[in-house]
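The values are calculated or read from the model by the stated rules, or taken from the named source; none is laboratory data. Computed from a predicted model, the values in this text were never measured in an experiment. Glycine gets a Cβ as well: all are built from the backbone with ideal geometry, and neighbour counts include every protein chain shown. Accessible surface areas use protein heavy atoms only, side chains included; no ligands, DNA or RNA. Shrake-Rupley method; radii C 1.70, N 1.55, O 1.52, S 1.80 Å.
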Amino acid sequence: MDEVLDLILESSIADDTGFCFGDFTGEELADADYGCSSFPVKSNDEFFLSGYGIPSDVLAPLCPTVFTPGDSSLVTFCSAYANCGSAPTVGLAMSASFLACMGSNPAILAATGGLSASF
């Protein structure tokens, strides 16, 4: 765990690394970090949000075909949950590099029976 923390702290984008978690309005969501601003929502609706930003340096050992050594981009993933009337609604947003990493990871390929290769 210390090695992962060191990679995050040494990254040139360490200031952008982190997470957001909690209840947000659609208006607040428009200014959110970690890819969460990409959801098309009404400004007065309320959402429960979980968003993460991780330096690609941390994921490079897991996805060497996607992230090259020295690459210091921000990899993002965001999920949002809301009740629309009586039905729950879930939204997911992620950076293309996160999706490519998950699609090329052997563990994910095995778990999805190869379906993730289509990403």
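The table for this structure:
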{"quantity": "Number of the exception - Val41 against (1) outside any loop (DSSP other than H, G, I, E, B); (2) crowded, with 17+ Cβ neighbours inside 10 Å", "calculated": "(1)"}
{"quantity": "Residue in the range 75-104 that is most open to solvent (accessible area, probe 1.4 Å), counting only those that are of a type outside the set (Gly, Ala, Ser) and within 8 Å of the chain's Cα centre (by Cα)", "calculated": "Met94"}
{"quantity": "Condition broken by Leu62, with the remaining ones in (1) under 16 Å from Ala93 (Cβ atoms); (2) of a type in the set (A, V, I, L, M, F, W, C); (3) open to solvent by 60 Å² or more (accessible area, probe 1.4 Å) satisfied", "calculated": "(1)"}
{"quantity": "Residue count for the range 65-74, restricted to those that are part of a loop (DSSP other than H, G, I, E, B) and either in contact with a Phe, Trp or Tyr (Cβ under 6 Å, 6 or more places away or on another chain) or open to solvent by 50 Å² or more (accessible area, probe 1.4 Å) (or both)", "calculated": "4"}
